[in-house]
Every structure is written in C-alpha cells, then in structure tokens.
Amino acid sequence: MYERRDRLYKKAKEEGKVSRASYKLIELQGRFHLIKRGNSVLDIGAAPGGWSKEAVKMVGEKGLVVAVDLSRLAFAPQGNLIFIQGDIRDDGVLQKVREICPNFDVVISDLSPSLSGIKFKDRYESYLLATRALEIASLLLRNGGNFVTKIFPGEEMREYKLSMKGLFRSISEAKLSATRRTSDEVYLVGLSFLGKETK
C-alpha cells in the first residue's frame, strides 16, 4: 500500500493542484513540448482534472481543452475548458466531442483500468484502453498533432508500439519521475501525426 502523503501529494496540496498527476503532464510537456499556446487538446480519462487544468494553462486564452470521463471533474469547468461526462468508448460520446471540435492538435490520455492486482489482467485492460485512445487520436488529430497515452509494460505494449509506427514521425517511451514508485506505468508519446492518407 503506497503512502498517500508522499512528497508530490503534499506538494500538490500546497500548490493547489487537483492531484499529483498534474506533475506528470508538466514533466511530459517539459520533455516533449506536446502542447503549444492556442492549441486544441482532447483529454481522455480526465477526472479528477489534473491534466485538464494544466492543459488549460498551456494552451492559453485562445486555446481549447475538451475533457472526457465517466466521473465528474473535481472542479467546475469554465472558460475554454469543456467537460463531457461519458465513456469515451461510446460512439455517441465521441460524436459529442466532434461536434465541439472536429480536429485536435493534441490528444492526451491518462486512462487507467480499475486495478485488480492481477498483473497480466491489468496490463491487458490497460492495453485495451490505450488502443481506444490511439483509435481516437487517429480519427481526431490534425496532421502534425501530438499524442500521449499511459500503458502498463508487457507483451501488449510491444504490439502497441508497432501499431503507432507509421502514424507518427517519432515515438518515445517515458517513465516519469512523478509516477509512484509502486507503479510500473509508462507513457508512450507520438509526435507529429502523419495523417490518415499515409496509413
């Protein structure tokens, strides 16, 4: 059992962050420059909203963040943050997203399965969620857009990385310092979406 009140948990509370997960997107942004001012960003698996709140800061007043999750955000969305409550695996929810913004500059996903403690099961469930995130990115990203998703390492992750090839100009694997020591999660980053016509 991890100690909730770890260093980043305390730091998040002190700095008014929604959760310690906020620092993961900050770290990814520092390493890969995923989001630019004025960008449109789709945040999949957004609740409680740590990534969404940081993304709003990154895109600035002229940008847009659309957040999707089954659970509500920990704060009331306002301004250029739009929240859709629903399952991103539902085509009806995806249609709502497209009505707000048909194409995005960046798709970010911190989707995680309900952990069972059975590693092979959790890894496979993570792979399925990451696969859905990649499908959505393939549908909604503009040419040149960026993508990041969480996934648990294993045989499925190797297959997943192969499925990213040909979709992005570069693919990177990132283990973040903001990740709890007890977690083996990694993030896969696809930079510069090549567009549907190249698939």
- [ ] Could you work out the relative contact order of the chain, using alpha carbon pairs under 8 angstrom and six or more residues apart, expressed as a whole percent?
- [x] 18
TODO: In nm, give the distance between the simple-model label positions of A76 and D90, each being 7 Å from the Cα along the Cα-to-Cβ direction.
DONE: 2.4
TODO: Just add up the charged neighbours of L129: K/R +1, D/E -1, any other residue whose Cβ is under 9 Å from the Cβ of L129.
DONE: +2
Open item on the list: Is the C-alpha gyration tensor of region 46-199 telling us rounded, prolate or oblate? Criteria: a/c under 1.5 is rounded; beyond that, a/b larger than b/c is prolate, otherwise oblate.
Closed with: oblate
TODO: Please state the charge dipole magnitude for the chain, taken about the Cα centre, from unit charges on C-beta atoms (+1 on K and R, -1 on D and E), reported in debye and rounded to the nearest 20.
DONE: 580
- [ ] Counting residues in region 68-109 as N, plug N into 2.2 N^0.38 Å and put the Cα Rg over that result.
- [x] 1.16
Task: DSSP-defined beta bridges in the chain - what % are antiparallel, rounded to 5 - done: 35
- [ ] Mind checking the full-extension length gain between K175 and F120? Use 0.36 nm per residue of separation minus the Cα-Cα distance, one decimal, nm.
- [x] 17.9 nm
Open item on the list: Could you work out [θ]222 nm for the chain from helices alone, using -39500 (n - 2.57) per DSSP H run of at least four and dividing by all its residues? Round to the nearest 500 deg cm²/dmol.
Closed with: -11000 deg cm²/dmol
TODO: Quick one: compute the contact order of region 148-199, relative version, from alpha carbon pairs under 8 angstrom and 6+ residues apart, as a percent.
DONE: 47
- [ ] Taking only Cα atoms and a 10 Å spring cutoff, compute GNM fluctuations for the chain and point out the largest among D69, D91, D110.
- [x] D91
Open item on the list: With 10 angstrom as the radius, rank V186, V56 by how many other C-beta atoms surround their C-beta, starting from the fewest.
Closed with: V186, V56
Open item on the list: How long are the semi-axes of the equivalent ellipsoid of region 130-199, taking √(5λ) for every eigenvalue λ of the Cα gyration tensor, in whole Å from largest down?
Closed with: 23, 12, 10
Open item on the list: For a quick check: sort Y187, Y124 by the number of other beta carbons within 10 angstrom, fewest at the front.
Closed with: Y124, Y187
TODO: Determine, for D122, D90, the number of other Cβ atoms within 10 Å of each Cβ, and report the residues in order from fewest to most.
DONE: D90, D122
Open item on the list: What are the membrane-span-like helices in the chain by this rule: whole DSSP H runs, Cα extent along the axis at least 24 Å, mean Kyte-Doolittle hydropathy at least -0.5?
Closed with: 119-140
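Bear in mind that the values in this text are calculations on the coordinates, not laboratory data. Being a predicted model, the structure only gives us computed values, none of them experimental. Please note: Cβ atoms are built from the backbone with ideal geometry, for glycine as well, and neighbour counts cover all protein chains shown.
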